[in-house]
Amino acid sequence: MMSRVRVLKWVALGLGLLLIGLWPGLVENNKFWVTLGAQAAILMLLSSSLNLALGFTDLVSMAHTGIYAVGAYACGLIVTRLGLDFWLALPLATLVAGAVGGLMTLATLRAAHLYFAMVTLSFNLILLQLAFAWEGLTGGEGGLIGIKRPALGGQRLDLNQYYYLIWVLVLVSLWLIFNLVRSKFGRAFISIRGDEATAASLGVNPFKYKLISFATSSAFAGMAGALYAHLNGFVNPALGDSSGSLSLFVALFIGGVGTLSGPLLGVIFATGIERLLMVGGDALNKATNTASNTSYQALAYGLLLILTMAVLPSGIVGTWTKSKAGRKWSNFLAQLHPLPKPQELRVASSGLHIENQKPSTHNSFTTENTEVSQLLTRNPVPTDNRQPITDNLLNVSGMTKSFGGLRALRGVDMQIEPGEVRGLIGPNGSGKSTFVNVISGHLPYDSGQIEFGGEKLNRPATYQLAKRGQVRIFQAAHLFPNLSVVENMLAGFHNHSRQNFIEAALHLPHQREEEARLRQEAVNYLALVGLSERALTLAGSLSHGQQRLLEVARALAVGPRLLILDEPATGLTAEELRGLSSLIASLKQQHISVLLIEHNIDFLMRLCDRVSVFEYGEKIAEGTPAEVQSNPRVVVAYLGEPETIEESKVRP
Ligand code: ADP
Ligand code: MG
């Protein structure tokens, strides 16, 4: 059965290639239709490049037609003015467009979402004005003319030959884009799309990967433009007009943003509609004896688009994958590349495997721990040249943070030793989450000092801390709900992945080996929290408790020295709680420290070596669980009468 699906895939691909190959013959070498076929290829590349930025990285670019024009002008100028060959001009133009896109990202350094759209729109206008105004270079409104089709072996290509050349180059580019999306780079892009703060907490430098995404996307857009310049024979400013980006966005949205095949199907669909309307319009012209019905055509086009979007809100591919049949199909396809089985964990007998957990396993810490230890020492790739830390792992002093007039932290000190499990308790609003947010770089602080791993850190970024081994999970769930469980896991291995851009784009053996290894490790970590059977489910459809456990497993994958858990036990069943308990206990053996914020006092007191207590942004007590529980100030402020500790947990 599996092989039948594989055959089906190849047959579909083969039919596509056959159609591309036979197209000029099918249309009897009609120039119009051959050109249309070549344009479709170029548009597919352009919308796939936009998809890389917009669909996969959530960079809403309004500049892609402008960058497309940059590629076209660059190639045209290099060929006509510098007299260089197409084969040199094409890569150069691609690089120029990539550089322009990169500079654009640098200029928008911290611009979020809609601002990014605004800034790129402005850039598009500027590029357009440049094309108009810089007549000496660009030929102004009249454009750049005399761009000939490329030559091969001294022989200028005819239209059909150039058509084939375009398709070959486009297909190769699409293959590169596909590979990138499915690599470490794609995972980083998709993490950023999901949530920047989460991506950073997994060690992804959001700015670096946005830059990579946008520059790569721009390079491909520019290449599409360059190919178009030689097809069209001339370039004028209209090419970069942002109103021209309409059909680009249309194709992408109809096909499905953020899906690999969406832009391709979208282009076929949108081009098809446009042609049909034109044919219909001609017929209408004849019937009504009027010269033109173009405005009706535009109207009909608009209406059809609205209708399509109403019926297919996530585009053709997006709507299909979300449908029942689509999910069945993708499950079916997933069996083509079955996930490996978890290694050496003897999950069935492990106390950590929640489904098989017997009530008595609560006491079998030792066996569980050895299994967990095995896994943690087999971290996929050695994390870095970490020196063993003998002193304090974390040393925070005088930490102060205000929100407007509210003083959330008032000079908090805290030291955590390697391998220590530290509890942090305090009434709601006492500043626990704020403390975690400032020490992990998610919030700027007013004053104070942070040392981590013996290093004084001056307002470090979250991703830098994650790289150094300070990893946290958030109080609210921060998974990527639309990705599968195993894809969520894989995102956690970012820092361990050594594949570079070229290896990823070309899907070279070294990269493939690494991907296989990471998949294996992902499954191992999932087994650790009893989720290996759910690896292919969407993370968003897990129970609340399972989502918490997945977050813990993903945080472990990052390679923590200090794992910060902000209320991890919320919503866990008693059995899941026991699993988490033994997991935390076992981290200690690996000299991994834990900072545990938890309202479940029972759970916390049993696990922690020491407990710190916050009240109104101040640390009011610190010591062993026993010391803290008998501290009069704590009793008054928080715990209430010792025997009513549990009930007092939600007291404001
Ligand atoms: P805890 O985690 O101990 O329940 P928090 O750290 O979440 O407490 O909150 C401490 C105080 O800071 C609360 O009064 C809360 O309302 C306030 N606070 C937290 N985050 C923000 C924010 N982003 N903006 C304004 N006030 C905040
Ligand atoms: Mg909190």
Practice task
Would you please classify the overall shape of region 453-507 from the alpha carbon gyration tensor, given that a ≥ b ≥ c denote the square roots of the eigenvalues, rounded means a/c under 1.5, and beyond that prolate means a/b larger than b/c while oblate covers the rest?
Solution key: oblate
Practice task
Mind computing the radius of gyration and Dmax over the alpha-carbon atoms of region 38-158? Å is fine for both.
Solution key: 15.7, 50
Handout entry: Rg followed by Dmax, in Å, when the chain is reduced to its Cα trace
Key = 29.2, 96
Problem - Beta bridge orientation in the chain: antiparallel %, DSSP, nearest 5 - result: 60 percent
Practice task
Report the accessible area of residue 602, computed with a 1.4 Å probe over the heavy atoms of all protein chains in place, in Å² rounded to the nearest 10.
Solution key: 80 Å²
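Output the relative contact order of the chain, whole-number percent, from Cα pairs under 8 angstrom with separation of 6+ residues. Display every interim value, and only then the final one.
Details: 1147 pairs, mean separation 99.2, N = 652.
Normalised by residue count, the contact order of the chain is 15 percent.
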Exercise for the section: Take every Cα-Cα distance within region 386-439, group them into 5 Å bins from 0 onward, and report for each bin the whole-number percent of pairs it holds. Expected result: 5, 16, 26, 23, 15, 9, 5, 2, 0
Handout entry: Centroid-to-centroid separation of region 599-634 and region 172-214 [C-alpha atoms, Å]
Key = 41 Å
Completion exercise
If one compares the long axis through the Cα atoms of helix 574-589 with the longest principal axis of the Cα atoms of the chain, the angle in degrees, nearest 10, works out at 80 degrees
Exercise for the section: For region 28-149, calculate the relative contact order in percent as a whole number, restricting contacts to Cα pairs under 8 Å that are 6 or more residues apart. Expected result: 28 percent
Practice task
Let me know the shape class of region 457-593, please: from the alpha-carbon gyration tensor, a ≥ b ≥ c as square roots of the eigenvalues, rounded when a/c is under 1.5, otherwise prolate if a/b is greater than b/c, or oblate.
Solution key: oblate
Handout entry: Protein accessible area in the chain, 1.4 Å probe - carbon and sulfur %
Key = 62 percent
Handout entry: Per residue accessible area in Å² of the chain, where ligands, DNA and RNA are left out and the probe is 1.4 Å
Key = 45 Å²
Handout entry: Helix-only [θ]222 nm of the chain, DSSP H runs n ≥ 4, -39500 (n - 2.57) each, per residue, nearest 500
Key = -17500 deg cm²/dmol
Problem - Inter-site label distance for residue 278 and residue 543 at 7 Å from Cα along Cβ, in nm - result: 5.8 nm
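Using the beta-carbon distance between residue 8 and residue 630 and R0 = 56 Å, what value does 1/(1 + (r/R0)^6) give for FRET efficiency, to the nearest 0.05?
Numbers: r = 70 Å, r/R0 = 1.25.
The calculated FRET efficiency here is 0.20.
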Problem - By average C-beta atoms within 10 angstrom, highest first, the peptides 213-220, 64-71, 85-92, 407-414 - result: 64-71, 213-220, 407-414, 85-92
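Going by the alpha-carbon gyration tensor, a ≥ b ≥ c the square roots of its eigenvalues, is region 561-631 rounded (a/c under 1.5) or, if a/c is not under 1.5, prolate (a/b greater than b/c) versus oblate? Write out the running numbers ahead of the final one.
On the way: a/c = 1.73, a/b = 1.42, b/c = 1.22.
Prolate, because a/c is 1.5 or more and a/b exceeds b/c.
The values are calculated or read from the model by the stated rules, or taken from the named source; none is laboratory data. Computed from a prediction, not measured in an experiment: that's the story for all the values here. Cβ sites come from the backbone with ideal geometry, for glycine too, and all protein chains shown count toward neighbours. In case anyone asks, the SASA skips ligands and DNA or RNA and just uses the protein heavy atoms, side chains included. Shrake-Rupley method; radii C 1.70, N 1.55, O 1.52, S 1.80 Å.
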